[in-house]
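A.B. asks: Submitted below is the structure of interest, expressed as structure tokens.
The values are calculated or read from the model by the stated rules, or taken from the named source; none is laboratory data. Computed from a predicted model, the values in this text were never measured in an experiment. Note that each Cβ is placed from the backbone with ideal geometry, even for glycine, and that neighbours are counted across all protein chains shown. Note: accessible area is taken over every heavy atom of the protein model, side chains too, but ligands, DNA and RNA are not part of it. Shrake-Rupley method; radii C 1.70, N 1.55, O 1.52, S 1.80 Å.
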Amino acid sequence: MYFLLAPGTAAEHRWPPGVEAMSRSGRGDAFVRVPTLGGGTWPLDWRSRPTAQDPFVDAALLHEMAWLRAGCRVRD
């Protein structure tokens with residue numbers, strides 16, 4: 001699954017193994033890929049559509065959930 005994060009926020013975190021932050025630069029918008037629990041990720045689709053009020057996923061919350069999903073203690 002892919003999550004859209006605000007510019008610069010993906011680079012602020014150390015992500016667990018298997019999770020990948022992808023951006024053109026550390027200052028730009030970033031997509032974070034988190035392996036799914038089951039099933040495929042194709043075709044790509046929005047699970048939660050961005051809105052004008054909330055265009056991005058909360059990076060700190062996603063970071064915490066990614067570590068918990070990996071079965072590990074949350075690391076900064």
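A.B. asks: Of TRP15, TRP67, which has the most accessible area and how do the rest follow, probe 1.4 Å?
C.D. replies: The residues order as TRP15, TRP67, largest area first.
A.B. asks: Distance in nm between label sites at MET65 and ARG49, each 7 Å beyond Cα in the beta-carbon direction?
C.D. replies: Going from the MET65 label point to the ARG49 one covers 1.9 nm.
A.B. asks: In nm, to one decimal, how far is the modelled label at PHE56 from the one at ALA11, with both set 7 Å along Cα→Cβ?
C.D. replies: Result: 1.2 nm between the two label points.
A.B. asks: Ok, one more. Using a simple spin-label model with points 7 Å from Cα along the Cα→Cβ vector, what separation in nm is obtained for MET1 and MET22?
C.D. replies: Roughly 1.7 nm, to one decimal.
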